[in-house]
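The values are calculated or read from the model by the stated rules, or taken from the named source; none is laboratory data. Small disclaimer: the values here were computed from a predicted structure and weren't measured. Methodologically, a virtual Cβ is constructed for each residue, glycine included, from the backbone with ideal geometry; neighbour enumeration extends over all protein chains shown.
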Amino acid sequence: MKQFKRFFIYISVLFLTFVLFACNGDGFNSTPDTQSTLTIGITDAPIDDAKEVNITITKIEISKDGSGWQDYYEATTENPAEMIDLLEFSKGNVFKFDTTEFESGQYAQIRLYLSTTPTDNTIKLLDDTVYNLDINSSIQNNGLKVVSGFTITEGVETELTIDFDVRKSIVVKNPNATPPIYSLKPTLKLITNDVSGNIIFTEAAVGNLGMNEGDVFFLYAAGFNASNELTEEDIIDPETETAYENSKSSAIAFIDTNDNNALKIKFPFMEYASYDLYKQDADTELIVVAGQAGITLSADDNGELIISE
């Protein structure tokens, strides 16, 4: 009988311990918090032959394995999709969607859906003529896929930026047509914000090649020979060929009114790596800028590298 009592007391104590452990939030009734926040933004490198490039994103999904998709953003009747002028979001400006929580871990893809209403995706040229962008049925049905993987880290706010490279993404399928057909051939790059930064070149950095407002510059991976790149003038079939295909980014020289009207080139959201700077000449050919090869952006630069000579 004494043994039975001791056994009963032992079981009772064990049960009470279990209940207390569960009630304090650390026991079996609590689920480990593996949710983390994700924010996705849209940016673009500027172009010099259009005033506006407008797109309307209706839905964004993310996927761990490329087959199972989770909604990040979706337009609704109460919160309809808004038209985004990509050219307004350049030189570091970003259109940001709302922050959403997801399970932490490795993710494989992002998919963006565009509005199927023709007037929701347009280009406005320098003469104020507006054309609807031709979007092929595959994009309409399956969305724009960004296949670069990314990580959502537990307890850390993950910020991603999708670079919508308009210089590569808008092509004229038939310039002699009336009206000409402007087609969306998207070239998207995914940047993880905390391992990227800005590279800024001042007028003095360009040397004898000179820098004037509106001049176009490109960054290529250090050591890449860009002299054989197809230029805008070389393109014969815009459906299969891309001008400056291997460039990492392009930028237009601008007057920085916040810095005594200094002339600058700004390449935002560049991944930590080494780059060579090229200038586009009057014939759209690329000329390497002397002394600006092997420019390296790293975490040591605190998010910004300024080249002034």
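Would you say residue 159 is surrounded by 14 or more Cβ atoms within 10 Å (Cβ to Cβ), in contact with a helix residue (DSSP H, G or I) (Cβ under 6 Å, 6 or more places away or on another chain), of a type in the set (D, E, K, R) and modelled with pLDDT of 90 or more?
The answer is yes for residue 159.
With the condition kept exactly as written, say whether any residue in the range 171-179 is within 24 Å of the chain's Cα centre (by Cα) and not assigned by TED's automatic domain parsing to the domain that holds residue 309.
Yes, that holds for at least one residue.
Consider residue 282 carefully, then state whether it is among the hydrophobic types (A, V, I, L, M, F, W, C), within 25 Å of residue 182 (Cβ to Cβ) and surrounded by fewer than 18 Cβ atoms within 10 Å (Cβ to Cβ).
yes
Which condition from (1) crowded, with 17+ Cβ neighbours inside 10 Å; (2) touching a residue at least 40 places away in the same chain (Cβ under 8 Å) is the one that residue 151 breaks?
Condition (1) is where residue 151 drops out.
Cβ-Cβ under 7 Å, sequence separation 6+ or interchain: first residue in the range 218-229 and in contact (Cβ under 8 Å) with a residue 24 or more places away in the chain and among the hydrophobic types (A, V, I, L, M, F, W, C), partner assigned to a loop (DSSP other than H, G, I, E, B) and exposed (fewer than 13 other Cβ atoms within 10 Å of the Cβ). Which pairs?
Pairs found: 222/294.
Out of 202, 192, 242, report the one residue that is touching a Phe, Trp or Tyr at 6+ places or on another chain (Cβ under 7 Å) and not small (Gly, Ala, Ser).
192
Which residues, counting only those in the range 264-293, are within 24 Å of residue 43 (Cβ to Cβ) and among the charged types (D, E, K, R)?
264, 266, 271, 276, 279
Might you check whether a residue that is within 25 Å of the chain's Cα centre (by Cα) and under 20 Å from residue 301 (Cβ atoms) occurs anywhere in the range 160-169?
Taking every residue of the range 160-169 in turn, at least one turns out to be within 25 Å of the chain's Cα centre (by Cα) and under 20 Å from residue 301 (Cβ atoms).
Can you tell me which residues in the range 194-221 are of a type outside the set (D, E, K, R) and loosely packed, with under 15 Cβ neighbours inside 10 Å?
Across the range 194-221, the qualifying residues are 195, 204, 207, 208, 210, 212, 214, 221.
Do you know which residues across the range 113-129 are outside any loop (DSSP other than H, G, I, E, B) and without any contact (Cβ under 8 Å) to a residue 40 or more places away in the chain?
Hits for the range 113-129 are 118, 119.
Would you point out which residue out of 302, 228, 258 is more than 25 Å from residue 94 (Cβ to Cβ), exposed (fewer than 14 other Cβ atoms within 10 Å of the Cβ) and not acidic (Asp, Glu)?
On inspection, the qualifying residue turns out to be 228.
Collect the residues in the range 125-141 that are loosely packed, with under 13 Cβ neighbours inside 10 Å and either more than 21 Å from residue 87 (Cα to Cα) or outside the structural domain of residue 172 (by TED's automatic domain parsing) (or both), keeping them in residue-number order.
Of everything in the range 125-141, those that are loosely packed, with under 13 Cβ neighbours inside 10 Å and either more than 21 Å from residue 87 (Cα to Cα) or outside the structural domain of residue 172 (by TED's automatic domain parsing) (or both) turn out to be 136, 137, 138, 140, 141.
Quick check on my filter: what residues within the range 146-162 are within 23 Å of residue 90 (Cβ to Cβ) and out of contact with any Leu (no Cβ under 7 Å at 6 or more places or on another chain)?
159, 161
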